[in-house]
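Engineer: Got a structure here, written out as structure tokens. Questions coming.
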Amino acid sequence: MKCVALLGVALTSVWAVPVSAQYTPYAIAVPSERNLSDIDRARELMNRYGLCVVKQHYGLVQRAIAQTDDAAQTRALAKIAQDDCLSTGTLKMSPPLFRGAVYRALYMRDYALMPRETLSALVATKLTDDQASINFGACVAKLSPDGARALVLSDPATAAEKSAIAALRPSLSDCLPPKAQVRVTMWGLQATLSEALYKRMVALKQAAQGGAK
């Protein structure tokens, strides 16, 4: 039996797909074969699950994130969290972590392969005040776009992830209120930056297209 559960809401499958025997970037999510801690193994499985969900249900995901109300967006995403992207077993997750995995997958799908020159030109685009959200993730993505990108694209417990964190440390501190003491988990940080980075790229693209008219 396969099951996906979000915050006590169990969702049974309404789609049936063959189970993949080999993992590819958009295949059925299967546990990592790397020697990882339980937490890092769960993080990697969640990332793979997000990739599969975006691949299988891209249109539904886009409609879900188009919701302007956070609660409505969470409800819409919850309906997409089905077990057609699991190989076996049960995957339990909180809505914020699933949301982060979805935004990471969206960023990888839409922007990870963008040519460096195009990406650099896009990042240089100026945003209007109403396009730039003011929150921790958006602040870090603005101050250190390369570091945020590196962290979002890295796999858990890898040298690339450690290097990205080291590069991001100054921005993480600068984006916190004075004297603020915040405990940030790797899971939560990647989720926050994934959403912030994807939304920033969408806003930059819209601004660049508007300026080209």
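The values are calculated or read from the model by the stated rules, or taken from the named source; none is laboratory data. Bear in mind the structure is a predicted one, so any value in this text is a computation, not a measurement. Cβ: placed from backbone, ideal geometry, glycine included. Neighbour counts: every protein chain shown. Just so you know, the surface numbers come from the protein's heavy atoms only, side chains and all, with ligands and any DNA or RNA stripped out. Shrake-Rupley method; radii C 1.70, N 1.55, O 1.52, S 1.80 Å.
A quick yes/no check of all residues on (1) at pLDDT below 90; (2) among the hydroxyl-bearing types (Ser, Thr, Tyr); (3) loosely packed, with under 14 Cβ neighbours inside 10 Å; (4) part of a helix (DSSP H, G or I):
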site: Ala138; (1), (2), (3), (4): yes, no, no, yes
site: Gln181; (1), (2), (3), (4): yes, no, yes, no
site: Gln190; (1), (2), (3), (4): no, no, no, yes
site: Ala196; (1), (2), (3), (4): no, no, no, yes
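Engineer: Something else: If I go through the range 85-97 residue by residue, how many of them are surrounded by fewer than 19 Cβ atoms within 10 Å (Cβ to Cβ) and under 15 Å from Glu195 (Cβ atoms)?
Structural biologist: The total comes to 3.
Engineer: So is Thr74 out of contact with any Cys (no Cβ under 8 Å at 6 or more places or on another chain) and not in a helix (DSSP H, G or I) or not?
Structural biologist: No; evaluated as a whole, the condition is false for this residue.
Engineer: Determine the pairs where a residue that is in contact (Cβ under 8 Å) with a residue 40 or more places away in the chain, located within the range 97-113, has a partner that is aromatic (Phe, Trp, Tyr) and open to solvent by 10 Å² or more (accessible area, probe 1.4 Å) with Cβ atoms under 7 Å apart, the partner being 6 or more residues away or on another chain.
Structural biologist: Note: pairs meeting the criteria are Leu97/Trp187; Tyr103/Tyr198; Leu106/Tyr198; Tyr107/Tyr198.
Engineer: Hey, could you check the range 198-213 for residues that are open to solvent by less than 50 Å² (accessible area, probe 1.4 Å) and of a type outside the set (Phe, Trp, Tyr) and say which is modelled with the lowest pLDDT?
Structural biologist: It comes out as Gly210.
Engineer: Something else about it: Return the residues of the range 53-79 that are open to solvent by 10 Å² or more (accessible area, probe 1.4 Å) and aliphatic (A, V, I, L, M); say none if nothing qualifies.
Structural biologist: Leu60, Ile65, Ala66, Ala71, Ala72, Ala76, Ala78 - these are the residues of the range 53-79 that are open to solvent by 10 Å² or more (accessible area, probe 1.4 Å) and aliphatic (A, V, I, L, M).
Engineer: Also: Does Ala101 fit the bill of being modelled with pLDDT of 90 or more and either among the hydrophobic types (A, V, I, L, M, F, W, C) or open to solvent by less than 70 Å² (accessible area, probe 1.4 Å) (or both)?
Structural biologist: Here the answer is yes, as Ala101 does meet what is asked.
Engineer: While we're on this one: What residue, of Gln73, Gln62, Gln56, Gln82, is modelled with pLDDT of 85 or more and over 17 Å from Glu195 (Cα atoms)?
Structural biologist: Going through Gln73, Gln62, Gln56, Gln82 in turn, the sole match is Gln56.
Engineer: Then there is this: Just checking, does the range 53-75 include any residue being among the hydrophobic types (A, V, I, L, M, F, W, C) and within 20 Å of Thr185 (Cβ to Cβ)?
Structural biologist: no
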